[in-house]
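> Before we start, here is the structure in question, set down as structure tokens.
The values are calculated or read from the model by the stated rules, or taken from the named source; none is laboratory data. Everything quoted here is computed from the prediction, not taken from an experiment. In this analysis, Cβ positions are derived from the backbone assuming ideal geometry, glycine residues included, and neighbour counts consider all displayed protein chains. What goes into the accessible areas is simple: the full protein's heavy atoms, side chains included, and nothing from ligands, DNA or RNA. Shrake-Rupley method; radii C 1.70, N 1.55, O 1.52, S 1.80 Å.
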Amino acid sequence: MKVRTLKLREAHKSINGNNDINPSFCSVLWDQQALHLVTASSSDPSICIHDPLLPSNPPKILRHHRDGVTAIALSPNSTCLASGSIDHSVKLFKFPSGEFETNVTRFTLPIRALAFNKSGSMVAAAGDDEGIKLINTIDGSIARVLKGHKGPVTGLAFDPINEYLATVDSVGTVLFWELQSGGILHTLKGVAPNIISDTSFVNVVSWSPDGETLAVPGLRNDVVMYDRDTAEKLFSLRGDHVQPVCYLSWSPNGKYMATSGLDRQILIWDVDKKQDIDRQKFEDRISGMAWKPIGNALAVIDVMGKYGLWESVVPSSMKSPTEDIPSLKNSNGVLLFDEDPEPSTSGGLSEFGEDSLGESEQCSRKRLRKQSEFEDPDEDIGDELSLLPKTEPRRKVHRASKDNLDKGNGLRSTVTSTRLKMQEAFQPGATPPQHGKRRFLCYNMLGTITTVENDGHSHIEIDFHDTGRGSRLPSMTDYFGFTMASLNENGSVFANPCKGEKNMSTLMYRPFSSWANNSEWSMRFEGEEVKVVALGTAWVAAITSLNFLRIYTDGGLQRHILSLDGPVVTASGLKNQLAVVTHVSDCLPSNDQMLEFRVFDISNGTQPLTGRLPLTPGSHLTWFGFSEEGQLSSYDSKGVLRVFTSQYGGSWLPIFSASKEKKSDESYWVVGVNASKLFCIVYKSPDMFPQVIPKPVLSLLNLSFPVASSDLGADALENEFIMNSMHLSQIQKRMEDMAVACLDTTALDDEAFNMEATQDRCILRLIASCCNGDKLVRATELMKLLSLEKSMKGAIKLVTALKLPNLAERFNNILEERLVNESKGTYKSPLLNSNNRASLTADAAISKTMVTSTGKNETPEPSIAFSSPIQSAPLFIKKANKQEHEKSYQNQTVNAKTSMEPSNAEKVKKAENVIGVEVKMTGEVLKVQSQRPSNPFLKSSNNQETSKKDLDQLTSLHPSNPFKKTTH
């Protein structure tokens, strides 16, 4: 068999405290899109984030640990990086930015292993103190501590179906934990090597991608496979390793496995055939490996901190390691909390002492998975189930519950009748009553309001997600039977349906603090039922069964009573804005709901927005509210999240589709949304909504437009391009609103400037993809959308390096046309809609004079026209340095000899240097290199002190705000 060598690149220095070279345990992993490579070493407190496309570029370095980093893990959606260290701490970082988030826990001894569950809502951490902590990544709380090992825990892994956690210690004992109960299912003593004397060598365990098999390093220089449910030995992979296996990694499709041994070689195995198909030898022992999630490559790192990429690991004649990746039907990542809430079986921390878990009896179930597999075809068959001649009764029940689940979040959905029916009113964040169980009256981004009935009355508790707000609010006794509530920073409002002989409905408001006594108030409605409540800044709103919108001050003054056009569906408030959804008419014959939304400005008494609310055909509304940035948002029962933007005169954009994320038996219960994430609770069939006990875990899902599969294969870049365009449009709207209110927009100038920089880099990558895919017309369109002249020159270098002279000539013509138009003051940015004309104040026009490519200072025209906002181009036109263009354009420019003021020239030069794009070709690898030289725009989290001089320089560098309207 052919033995090849692989050149490695140094990422970390393996030097101990005495400056002696010492082998260390080093880690490597990929992100989900294979855009970043993360490395760490137990002898280096730094974490490195590398760009695999540009390995010569210096990595991004995270320096937050005080000692060597012994473990790293990425959440499945690659947005959160966890690290463990010899300094006993576990830290979380945003990824790929590397921004430090929090210290989630500390141990008494060094950390050795970390792993995320399938949803990323929980991370397991373990180390030398023999305990395993299961930590909620949302709030950092410890959900459970598992005790059972008799030595340092060096490896752990959640199974892909999220039923089990497998762990291994340094003495070779493997434990199977059942997540639902927290108990030990199986104990395999002494099945892995005893490595307690060597900290650069750890025992690891790894589940196959389909969750059927657990791989463990064996005692005969082999890898042993164990059954997931019975822990029985299935088979082993034994080949040419002459020393114990120290690391192993499954390929994404589970067909292949890479093993590294103390003999300093890597073997690649065909698992089905139980044969090694390739190998490589190295100078030092390989301590970490990670298969590339896209493509045919393996990242490796040795004990000296050197890493590299083994390309074409699997021969081209064999199936690719990323082909036919198994899809899992049962992996919502929150099964840990899917427990009976009764005290006897709740699995609380108090019930799991150090001894009780170690002596726990094994689960008596035998191959329950096989039974579930027998039922799985029902889910695959879908609507064709009705064509079968007969079905089992329990399958019919399962199918009915699945239908209910698909139709909505379960708040008010029982699909048992074919009669068309208008959607009932619902309170966002509320769950339906459950006899004897606590339920949510409100669950939002601020906190929760829960209630439980007891002896004819209810107990209400209010909890905030941020426990640092102060002491916990005392519980409230509820004699009215409230069924809905709303919560904000200032207080809470409650309401109940009509009750009693007089058919009365009650509305009650409770402020959290007040300078006066008895600040709580209530209102009674006879023959009129409160359907939905909402809160804002100094106002309370209630919409009733008479289609009345009643608005009160927070002191209880009845301020306004408005009549709505139709029955209310839901409502939400934020600051001065109240958004209400009502029915326009009866359902269509297709059972589609006809809904309308209105936004009221309570402080000004105006109605700035109104329109139809789009829904996916056949769906109904399940959540409605505002994002953290104030964008109106909706979520329907088909799993589509939409946000309202000012684009095209006001449109709803679909920024998330659950059909591409969730499994067949799980659904999302939305809590909130921000600019980049959907906050939700994942629940599984047969549940129709989340339970209060045990505490549900928030899952964070990335927002993503439902882009079609492109012929470029660059769906992620195209999604990023559209998302950036939307964010730029939102920034534009905010700047216009602030300009109308005569507020300073400097902070938004910076935000828009940085967003344009990000968009330029995205466009350059898209141009590279277009060139590689021979889509030259599309590349030309993208060239016109670049913001900076230096970015445009980078694009020209790129196509020149790719030997596309015709395209390079077109790019040059586009650049020349841009410069000429800028010099004449006729350049029109393709970012903004032509309807959004902006005028500059005279003072702003004088103080922020724009510098043209000829070097002449020209004052912008008072009105500037723009085209469609969906395309990306500069919010701020960065002008070229006069000296740089006099030579190339002196025959084309009328004012070529006009001198530029030195101060302006210097500022423009610095503005240009904020983003530099340099293109190189090395072999067939295209490298698009982003450079951000030292500049006054750079904001560092470690350097919060900025001199007044730098701030003045930054302000003067930005061109005037094109959205600011002239004040007369």
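> Where in region 412-489 are there strands (runs of 3 or more DSSP E), lying wholly inside it, with at least 2 residues that are more than 17 Å from residue 672 (Cβ to Cβ) and modelled with pLDDT of 90 or more? Spell out the reasoning first.
Numbers: elements: 439-443, 447-454, 457-464, 476-478, 484-487.
Hits in region 412-489: 447-454, 457-464.
> Kindly list the number of the only condition in (1) touching a residue at least 60 places away in the same chain (Cβ under 8 Å); (2) surrounded by 19 or more Cβ atoms within 10 Å (Cβ to Cβ); (3) of a type in the set (S, T, N, Q) that fails for residue 206.
Among (1) touching a residue at least 60 places away in the same chain (Cβ under 8 Å); (2) surrounded by 19 or more Cβ atoms within 10 Å (Cβ to Cβ); (3) of a type in the set (S, T, N, Q), the lone unmet condition for residue 206 is (1).
> Looking only at region 705-760, how many residues end up being part of a helix (DSSP H, G or I) and aromatic (Phe, Trp, Tyr)? Outline the logic, then answer.
Our first condition is that a residue be part of a helix (DSSP H, G or I); within region 705-760, this holds for 715-740, 746-760.
Imposing the further condition that a residue be aromatic (Phe, Trp, Tyr) reduces the set to 721, 753.
Within region 705-760, residues that are part of a helix (DSSP H, G or I) and aromatic (Phe, Trp, Tyr) number 2.
> Would you pick out the residues in region 638-678 that are part of a strand (DSSP E or B), in contact with a Gly (Cβ under 7 Å, 6 or more places away or on another chain) and under 14 Å from residue 706 (Cα atoms)?
Once the filter is applied, which keeps residues that are part of a strand (DSSP E or B), in contact with a Gly (Cβ under 7 Å, 6 or more places away or on another chain) and under 14 Å from residue 706 (Cα atoms), region 638-678 yields only 657.
> Give the number of residues within region 651-681 that are open to solvent by 30 Å² or more (accessible area, probe 1.4 Å) and modelled with pLDDT under 90.
The total comes to 8.
> Let me ask another. What's the total number of residues in region 501-511 that are modelled with pLDDT under 90 and either closer than 17 Å to residue 552 by Cβ or open to solvent by less than 70 Å² (accessible area, probe 1.4 Å) (or both)? It would help to see each step written out before you state the result.
Looking only at region 501-511, we keep the residues that are modelled with pLDDT under 90, and these are 501-504.
Still in the list and also either closer than 17 Å to residue 552 by Cβ or open to solvent by less than 70 Å² (accessible area, probe 1.4 Å) (or both): 504.
Adding up the residues that qualify gives 1.
> Take region 734-748 and flag every residue that is surrounded by 13 or more Cβ atoms within 10 Å (Cβ to Cβ) and within 21 Å of residue 632 (Cβ to Cβ).
734, 735, 736, 737, 738, 748
> Is it true that residue 633 is under 18 Å from residue 569 (Cα atoms), part of a loop (DSSP other than H, G, I, E, B) and open to solvent by less than 30 Å² (accessible area, probe 1.4 Å)? Steps first, please.
Values: under 18 Å from residue 569 (Cα atoms): yes; part of a loop (DSSP other than H, G, I, E, B): no; open to solvent by less than 30 Å² (accessible area, probe 1.4 Å): yes.
Against the criterion (under 18 Å from residue 569 (Cα atoms), part of a loop (DSSP other than H, G, I, E, B) and open to solvent by less than 30 Å² (accessible area, probe 1.4 Å)), residue 633 does not qualify.
> I've got another one for you. Counting only residues that are open to solvent by 40 Å² or more (accessible area, probe 1.4 Å) and either touching a residue at least 24 places away in the same chain (Cβ under 8 Å) or in contact with a helix residue (DSSP H, G or I) (Cβ under 6 Å, 6 or more places away or on another chain) (or both), which one in region 468-489 is nearest to residue 444 (Cα to Cα)?
Applying the first criterion (open to solvent by 40 Å² or more (accessible area, probe 1.4 Å)) to region 468-489 yields 468-475, 477, 479-480, 483, 489.
If we keep only those that are either touching a residue at least 24 places away in the same chain (Cβ under 8 Å) or in contact with a helix residue (DSSP H, G or I) (Cβ under 6 Å, 6 or more places away or on another chain) (or both) too, we end up with 473, 480, 483, 489.
Working: 473: 17, 480: 23, 483: 16, 489: 12 Å.
That would be 489.
> From the residues in region 222-257 that are open to solvent by less than 10 Å² (accessible area, probe 1.4 Å) and in contact (Cβ under 8 Å) with a residue 60 or more places away in the chain, which one is farthest from residue 157 (Cα to Cα)?
Per the criteria, the residue is 256.
> I'd like the residue in region 189-203 that is more than 37 Å from the chain's Cα centre (by Cα) and surrounded by fewer than 21 Cβ atoms within 10 Å (Cβ to Cβ) and, out of all such residues, is modelled with the lowest pLDDT. Let's see the steps before the verdict.
Pass one, region 189-203, residues more than 37 Å from the chain's Cα centre (by Cα): 189-191, 193-198.
Adding the requirement that they be surrounded by fewer than 21 Cβ atoms within 10 Å (Cβ to Cβ) leaves 189-191, 194, 196-198.
Working: 189: 93, 190: 91, 191: 94, 194: 88, 196: 75, 197: 70, 198: 73.
This residue is 197.
> Between 590, 572, which is in contact with a strand residue (DSSP E or B) (Cβ under 8 Å, 6 or more places away or on another chain) and of a type in the set (Ser, Thr, Tyr)? Break it down into steps so the answer makes sense when it comes.
Values: 590 fails: in contact with a strand residue (DSSP E or B) (Cβ under 8 Å, 6 or more places away or on another chain).
Within the list 590, 572, the selection yields 572.
> Here's a follow-up. Could we say that residue 458 is small (Gly, Ala, Ser) and touching a His at 6+ places or on another chain (Cβ under 9 Å) here?
Numbers: small (Gly, Ala, Ser): yes; touching a His at 6+ places or on another chain (Cβ under 9 Å): no.
In short, no.
> I would also like to ask the following. If I go through region 154-175 residue by residue, how many of them are at pLDDT 95 or above, more than 15 Å from residue 115 (Cα to Cα) and not β-branched (Val, Ile, Thr)?
Number of matching residues: 1.
> Those residues that are of a type in the set (Asp, Glu) and either open to solvent by less than 50 Å² (accessible area, probe 1.4 Å) or in contact (Cβ under 8 Å) with a residue 24 or more places away in the chain (or both), I need them from region 297-328; list them, please.
Going through region 297-328, the residues of a type in the set (Asp, Glu) turn out to be 302, 311, 323-324.
Answer for region 297-328, where residues must be of a type in the set (Asp, Glu) and either open to solvent by less than 50 Å² (accessible area, probe 1.4 Å) or in contact (Cβ under 8 Å) with a residue 24 or more places away in the chain (or both): 302, 323, 324.
> For region 596-630, which residues satisfy the criterion of being open to solvent by 20 Å² or more (accessible area, probe 1.4 Å), in contact with a strand residue (DSSP E or B) (Cβ under 6 Å, 6 or more places away or on another chain), more than 23 Å from residue 727 (Cα to Cα) and assigned to a loop (DSSP other than H, G, I, E, B)?
602, 616
> Follow-up question, since we're still on this one. Evaluate region 562-579: report whether one residue or more is in contact with a Leu (Cβ under 8 Å, 6 or more places away or on another chain), surrounded by fewer than 17 Cβ atoms within 10 Å (Cβ to Cβ) and assigned to a strand (DSSP E or B).
yes
> What are the pairs, 6+ residues apart or on separate chains, where a residue within region 776-792 that is closer than 18 Å to residue 755 by Cβ and assigned to a helix (DSSP H, G or I) has its Cβ under 6 Å from a residue that is at pLDDT below 95 and charged (D, E, K, R)?
Filtered contacts from region 776-792: 790/912; 791/760.
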